[in-house]
Amino acid sequence: MQMIHEGQCGMCTHFGEHHPASEQLVQIRTSKQAPVDYVDECGRNEDIHLKVTALSGCDGFEPVGSA
Ligand code: SF4
């Protein structure tokens, strides 16, 4: 497990946003920790089906609950 912080995909509203949040994703957001190999879709880049890890990040970051 790895700590995740503001600005990283695991804390971003676009991380897995087009499917209901799995129990594991809820847990990642609550605990602010994620397995290094946890991968989900970035909803902001849906057209290219971008997959990112919870530890990834980009300038399009928007915190969960802001949308
Ligand atoms: S790639 Fe950027 S927009 Fe997509 S989930 Fe990660 S931080 Fe959010």
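Taking region 1-16 as the range and being over 8 Å from the mean Cα position of the chain (by Cα) and within 8 Å of the ligand (Cβ to nearest atom) as the test, only GLY7 passes. In region 27-47, the qualifying residues are those that are of a type in the set (A, V, I, L, M) and over 15 Å from GLU17 (Cα atoms), and the one that is farthest from the ligand (Cβ to nearest atom) is VAL36.
Screening the candidates PRO63, PRO20 for the property of being of a type outside the set (Val, Ile, Thr) and either surrounded by 15 or more Cβ atoms within 10 Å (Cβ to Cβ) or under 11 Å from the mean Cα position of the chain (by Cα) (or both) yields one hit, PRO63.
Each value in this text was obtained by applying a stated rule to the coordinates, not by laboratory testing. Note that this is a predicted model, so its numbers are computed, not measured. Every residue, glycine as well, gets a Cβ built from its backbone with ideal geometry; the counts of neighbours run over all protein chains shown.
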